[in-house]
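Below is one structure, written out as structure tokens; the observations come after it.
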Amino acid sequence: MPPRTASALSSVAVACFMISVRIPSVIGIKPDIQLGIYPFPGPTAAMTRATVGLADGIAINASSPHIAEAKKFLNFVAREGQSRIWPNILRGISLADANTGKVPKEAISFKPYLQAKKTVSLANLLFPNGNVYIQMGTQAQGLLTGQTTVDDVLKGLDTNWG
């Protein structure tokens, strides 16, 4: 099957597993697309948690001749105002904003979970094994390309889960 175009995908994709930092890439392909990210539902509404995690980090090379300068830069970008710039570009949520519930329009459904502290970091680390995560990503791609069905995805996840 030939690759689908962005316009074709927007007419068939109802949902997919994606992190917020991928939103600008999708918007770059199809600027008028309406997107939203939502917490993955738990077994019950009361058990649902918003999955959160850091999108990027900054490291300083221990053998750099400019460690002092790098530390000054790190201290600069760690300030509350500056720490919002990169997440805002990526449609993510800065740590400062996560504490207040300030979220981009695409992530408005996360606001009550952030305010209630109903979050979990890297939920895939709670899966019983790494194959579940690999299966989920592979099968989600197959859904978008028409190579797998929802039943295929569920069967693969059940097989790899236990």
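Where a number appears in this text, it was derived from the coordinates with a stated rule and is not lab data. Here the structure is a predicted model, which means the values were calculated and not measured. Heads up, the Cβs are rebuilt from the backbone with ideal geometry, glycines too, and the neighbour counts pull from every protein chain shown.
A few comments on the model shown:
- R0 of 22 Å, Cβ-Cβ distance Lys30-Leu54: FRET efficiency to nearest 0.05: 0.20
- Local net charge near Lys105, Cβ-Cβ under 15 Å (Lys/Arg +1, Asp/Glu -1): 0
- The Cβ shell under 11 Å around Arg91 holds other residues with a net charge of +1, Lys and Arg each +1, Asp and Glu each -1.
- Positive dipole terminus of the chain, leading residue within Asn75, Tyr133, Pro65 (C-beta point charges): Asn75
- Difference of contour (0.36 nm per residue) and Cα-Cα distance, Ala62 to Phe127: 20.0 nm
- Extension gain for Asp151 to Ile89 (0.36 nm times residue separation, less C-alpha to C-alpha distance): 18.7 nm.
- Straight-distance crosslink candidates among lysines, where the alpha carbon sits under 22 Å from Lys102 and sequence neighbours closer than 8 are dropped: Lys111, Lys117, Lys118
- Each label point was placed 7 Å from the Cα along the Cα-to-Cβ direction; for Arg79 and Ile134 their separation is 4.6 nm.
- The structure-derived value of log10 I(q)/I(0) by the Debye sum over Cα atoms at q = 0.09, 0.15, 0.17 Å⁻¹ appears in the list (i) -0.48, -0.96, -1.07; (ii) -0.41, -1.01, -1.18; (iii) -0.40, -0.78, -0.93 under the label (ii).
- Take the Cβ atoms of Trp161 and Met47, set R0 to 22 Å, and the FRET efficiency comes out at 0.80.
- Using only side-chain charges placed at the Cβ, +1 for Lys and Arg and -1 for Asp and Glu, the dipole size of the range 96-162 relative to its Cα centre rounds to 400 debye.
- Relative to the Cα centre, the charge distribution of the chain, modelled as +1 at Lys and Arg Cβ and -1 at Asp and Glu Cβ, gives a dipole magnitude of about 460 debye.
- Neighbourhood charge, 13 Å Cβ-Cβ cut-off, centred on Val26 and excluding it, Lys, Arg +1 and Asp, Glu -1: +1
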